[in-house]
Amino acid sequence: MSHRLAVEGLSVALPKGADRPLALDNVSLTLGSNEILCLVGESGSGKSTTGRAIMRLLPPSVRIQAGQARLDGQELFSLPEPAMREIRGSRIGMIFQEPMTALNPLRTIGDQIGEVFRVHTKLTRTETAKRVQELLSEVLIPDPVAAAKAFPHELSGGQRQRAMIAMALALEPAVLIADEPTTALDVTTQAQILKLIRDLQKRKGTGVLFITHDFGVVAEIADRVAVMQWGKVVEQGPASEILNNPQHPYTQSLIAAVPPLKPTARPPCDNEVLLRVSGLSKTYGRKTLFGKGRVTHAVRDVSFELRRGATLGIVGESGSGKSTTARCVARLIAADTGSVTLGSEDLLALSARQWRRESQKVQMVFQDPFASLNPRRRVGELVAQGLVARGVDRGKAMDRTRLLFEMVGLDPEAVSRYPHEFSGGQRQRIGLARALAPEPQVLIADEAVSALDVSVQAQVLDLLESLRQRLGLSVLFITHDLRVAAQVTDELIVMKNGEMVEAGRASDILENPRHPYTQMLIGAVPGRNWTPPGHAEAAPQ
């Protein structure tokens, strides 16, 4: 197989004061026509830097120190910038990790895709518009005409990602670099995008460098795998060999951290019911100038029970109502109808003053720990502020904060640092410490591990489980990751379009799903037929 892309001895220097001198240290990779090479590793391993270095899109403070990158034999690093601009988009396309930040919010989707043709071709305006429609159809966007006229914020996350793919593939490049294109997407949207990339790659013979930390995705699409740690490639080879017989200790540890899809054996929880939700509904309406508008039933007549010391999972796609349900329970948004009874008290019937007194009983850990932590305040203050607001002496509140830091696996002396000085996993632990500070009875974890590396995710899940057992917490666990749900939940609720479609013991639902929607969700899990080494049980069929 001829190499479309060859990277040899690539080293990239970081600015002074960074955690290591080199972002990339002597990285060598090859990518053939009609091949998918998955580049895997934890955050900070150098995966995205590799992709950006090949594209010559590194920030000014980060520079290529040594090495070569050849596209069909042409060396890229020695080219003048105008020549490199000609290559970007036409011969190498890139799908960026976060389409909302990569797309211009002030320009329509059609205008942004059309720019590729305006810059690189001599197509007329009519021909460009036609090609944009064809591309949007190719990437399976339901209404291409409307999507072309829409601004990025008017599309869903999956549709924005499809639009990015359309832009990257507009000129049918020989090489496509996909940087975490499915991170934090629903399992069904993820499956569609993976199938789309694979189909386009086979149809057009494109070589794909696919950057990911999800081994399920690797099992689903990879021909070959390269594993990166601290800027170095520690192992590479055919996907089947890396996935089923990893040689390097780091690869072994990453694969060992992948949660299997088979549910963990958990004894039935027969404790008393602590939280009872009944008939919960929430609608959103938007009126037009003519008095009419669209009503969205975000949550419709949802009822469930959470037992003391148990973990109840809620799964479903984006827009299914998972997070809205959680936020209604925590009174972060007001439900239209229904009751949320904790013990014998209906939390939704409490006045604002009464709720301030009782709110410590229900606490929440959010999906994005960086966005939910004030960047201008020290983390110790952020954890202690809830206690201080409830009348606890500041000195005692800080003492408890240090104990909480120790409990969640952080250095107690780190209370004086700021959020940006911590990794994503550490910030999630700070979020846990803040939620645990007022000693809640119910902990709501809303996609609390969805954006974390697989090894960090495993650590946070283990921590959450040990805290649940030690403190007797009842946990409401919101996730779109069925592998995670299989490992941590006792009971499971499946939601679609604001309604519950299936509920019961997690093991029963995951091993014997009855509703077609649940069956479709499980069938869409990437790599579902791959069993990580060390997990003897096969995945559910």
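The values are calculated or read from the model by the stated rules, or taken from the named source; none is laboratory data. Just so we're clear, the structure is a prediction, and the values are computed from it rather than from any experiment. Every residue, glycine as well, gets a Cβ built from its backbone with ideal geometry; the counts of neighbours run over all protein chains shown.
Structural remarks
- Pair list, Cβ < 6 Å and 6+ apart or interchain, from the stretch 258-287 residues that are without any contact (Cβ under 8 Å) to a residue 40 or more places away in the chain to residues that are among the basic types (Lys, Arg): 271/307; 271/308; 272/308; 273/307; 286/294
- Taking residues in the stretch 200-222 that are over 22 Å from residue 456 (Cβ atoms), and partners anywhere that are of a type in the set (Lys, Arg), the pairs with Cβ atoms closer than 8 Å and at least 6 places apart or on different chains are 207/4; 221/198.
- With respect to being surrounded by 15 or more Cβ atoms within 10 Å (Cβ to Cβ) and either free of Cβ contacts under 8 Å to residues at least 24 places away in the same chain or charged (D, E, K, R) (or both), residue 396 falls outside the description.
- Members of the stretch 490-524 found to be touching an Asp or Glu at 6+ places or on another chain (Cβ under 7 Å), farther than 18 Å from residue 298 by Cβ, touching a residue at least 60 places away in the same chain (Cβ under 8 Å) and not small (Gly, Ala, Ser), listed by number: 505
- For the stretch 406-418, the condition holds for no residue, the condition being that it is within 30 Å of residue 347 (Cβ to Cβ) and of a type outside the set (A, V, I, L, M).
- Considering only residues in the stretch 49-75 that are at pLDDT below 90 and in a loop (DSSP other than H, G, I, E, B), the one that is surrounded by the most Cβ atoms within 10 Å (Cβ to Cβ) turns out to be 62.
- Residues in the stretch 145-181 that are over 22 Å from residue 32 (Cα atoms), without any contact (Cβ under 8 Å) to a residue 60 or more places away in the chain and part of a loop (DSSP other than H, G, I, E, B): 150, 151, 155.
- Residue within the stretch 169-177 that is more than 30 Å from residue 123 (Cβ to Cβ) and surrounded by 24 or more Cβ atoms within 10 Å (Cβ to Cβ) present: no
- Of the residues making up the stretch 421-450, those that are over 20 Å from residue 392 (Cβ atoms), in contact with a helix residue (DSSP H, G or I) (Cβ under 7 Å, 6 or more places away or on another chain) and part of a loop (DSSP other than H, G, I, E, B) are 422, 448, 449.
- At least 1 residues being within 21 Å of the chain's Cα centre (by Cα) is the threshold, and among the strands (runs of 3 or more DSSP E) wholly inside the stretch 459-541 those reaching it are 474-479, 491-496.
- Residue count, the stretch 464-486 (criterion: within 26 Å of residue 191 (Cβ to Cβ) and not basic (Lys, Arg)): 9
- Residues of the stretch 301-326 satisfying the condition of being without any contact (Cβ under 8 Å) to a residue 40 or more places away in the chain and farther than 14 Å from residue 500 by Cα: none
- Residue check, residue 383 in contact with a Lys or Arg (Cβ under 6 Å, 6 or more places away or on another chain) and modelled with pLDDT of 85 or more: yes
- Contact map, the stretch 334-351: first residue farther than 16 Å from residue 474 by Cβ, second residue of a type outside the set (D, E, K, R) and in a loop (DSSP other than H, G, I, E, B), Cβ cut-off under 8 Å, separation 6 or more or different chains; pairs are 348/335.
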